[in-house]
Amino acid sequence: MAAAQQFRRAVARTRLAPVAAFPFRLFKVARYDARVLRSSARWLVTSREHHNYTYELTALNREHLAWFVSDVCGVPVAKARGWMAELEADEALRRHIETTTAASARRGLADRSVRYARRAGWYAMIRALGPAHVVETGTDKGLGTCVIAAALLRNAAEGRPGRVTSIDINPEAGYLTRADPWAAVIDLVIGDSVAVLAGLTEPVGLFLHDSDHSAAHERREFTAVEPRLADGAVLLSDNLTKTDVLPHYADATGRRFLAFREQPARHWYPGDGIGAAWR
Ligand SMILES: C[S@@+](CC[C@H](N)C(=O)[O-])C[C@H]1O[C@@H](n2cnc3c(N)ncnc32)[C@H](O)[C@@H]1O
């Protein structure tokens, strides 16, 4: 063994070890923090977003998302990758989002670039499962709603039609949802999600919680939608990083649970995720 290595091992056994390792540890954490600071500074000058941030996922994270979709929906991963690529290649949808955002009353606080992140997973799951009725709570601009509608339109072209009910408490929500062809399969409902869910009449094949992210509200939504679920329905939560409501709900209702955690590329935000519960 080289003398230097022997010396390091000897120091590691003493109380001086943390002191000796300090410069190395400082360098590691400073390099990491400098990366976060650089992407934060870049974001402050290049983005206008102040909530519901959009970003790309790293290539590795997109691959993990494809495997997540494959496992939850029981489809080959190549199919999941193909559907995610199909969304990225949808130029009509991208143009609609870009031009409508640029003309909207909120344009001063929105970026023009279209970045779907985990919504590509929602898209691929709807392509895989072909649900007749999707419910999304929390519309905001309608980015996710349009992504869901785009998947439903592709399903319809293959003989598997479906609609999405998107619910938001804010009367100004959903400015992206009003243009055809996407609007033709979107029912935008303004109201409190729990109250609206209680009044649904069409069975729900895929449910997505993305509204009030408190644990109590999330739990109320799953409870309200349960009697309205179609056989084999899948429950999704956008609240994965903030609560453990969906895993507990899955446990209590005899469902399986799986989590996908986002890894944004070139962004300070640590990302959200998708929680899925299914039988
Ligand atoms: C994170 S945003 C939704 C993002 C959207 N799904 C997307 O893909 O970009 C959350 C939205 O939930 C709405 N919201 C909050 N509380 C709500 C409630 N009790 N019922 C319905 N919508 C609610 C907010 O107005 C906001 O527009």
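The values are calculated or read from the model by the stated rules, or taken from the named source; none is laboratory data. Remember, predicted model here, so these are calculated numbers, not experimental data. Glycine gets a Cβ as well: all are built from the backbone with ideal geometry, and neighbour counts include every protein chain shown. When the accessible area is computed, the model is the full protein with side chains, heavy atoms only, and any ligands, DNA or RNA have been set aside. Shrake-Rupley method; radii C 1.70, N 1.55, O 1.52, S 1.80 Å.
Surface analysis of segment 67-191 yields an accessible area of 39 Å² per residue, using protein heavy atoms and a 1.4 Å probe.
Is the C-alpha gyration tensor of segment 201-279 telling us rounded, prolate or oblate? Criteria: a/c under 1.5 is rounded; beyond that, a/b larger than b/c is prolate, otherwise oblate. Mind showing how you got there, number by number?
Values: a/c = 1.95, a/b = 1.83, b/c = 1.06.
It is prolate, given that a/c is not under 1.5 and a/b is the larger ratio.
Look at the Cα gyration tensor of segment 74-216: its axes a ≥ b ≥ c give a/c of at least 1.5 with a/b at or below b/c, and that counts as oblate.
When the Cα positions of Ile97, Pro227, Gly275 are compared along the charge dipole of the chain, Gly275 comes out farthest toward the positive end, with charges on each C-beta of Lys, Arg, Asp and Glu. Take the Cα of Thr201, step 7 Å toward its Cβ, do the same at His248, and the gap between the two points is 3.5 nm. Each label was represented as a point 7 Å from its Cα along the Cα-to-Cβ direction; for Val77 and Arg266 these points are 2.6 nm apart.
Percent of alpha carbon pairs in the chain separated by more than 23 Å? Write out the running numbers ahead of the final one.
Values: 22257 of 38781 pairs.
Looking at the chain, the distances longer than 23 Å represent 57 percent of pairs.
Hydrophobic long helices, here whole DSSP H runs in the chain with Kyte-Doolittle means of at least 0.0 and Cα atoms spread over 20 Å or more along the helix axis, are found at 17-46, 59-73, 143-157.
You can think of it this way: the chain between Leu37 and Gln6 has 7.4 nm of extra reach, that is 0.36 nm per residue less the Cα-Cα gap.
Expressed as a whole percent, the accessible surface of segment 191-279 that belongs to carbon and sulfur atoms is 52, based on a 1.4 Å probe. Average accessible surface for segment 21-63: 76 Å² per residue, computed with a 1.4 Å probe over protein heavy atoms with every protein chain in place.
With each label modelled as a point 7 angstrom along the Cα→C-beta vector, the Ala105-Asn52 pair spans 1.5 nm. Given a Förster radius of 35 Å and the C-beta distance between Glu158 and Arg256 as r, what FRET efficiency does 1/(1 + (r/R0)^6) yield to the nearest 0.05? In this case the efficiency is close to 0.85.
Each stretch of four or more DSSP H residues adds -39500 (n - 2.57); spread over every residue of the chain, this sum gives -15000 deg cm²/dmol at 222 nm. Under 13 Å from a label point 7 Å along Cα→Cβ of Leu60: give me every residue in segment 18-53 with its amide N that close. Under cut-off, by backbone N: nothing.
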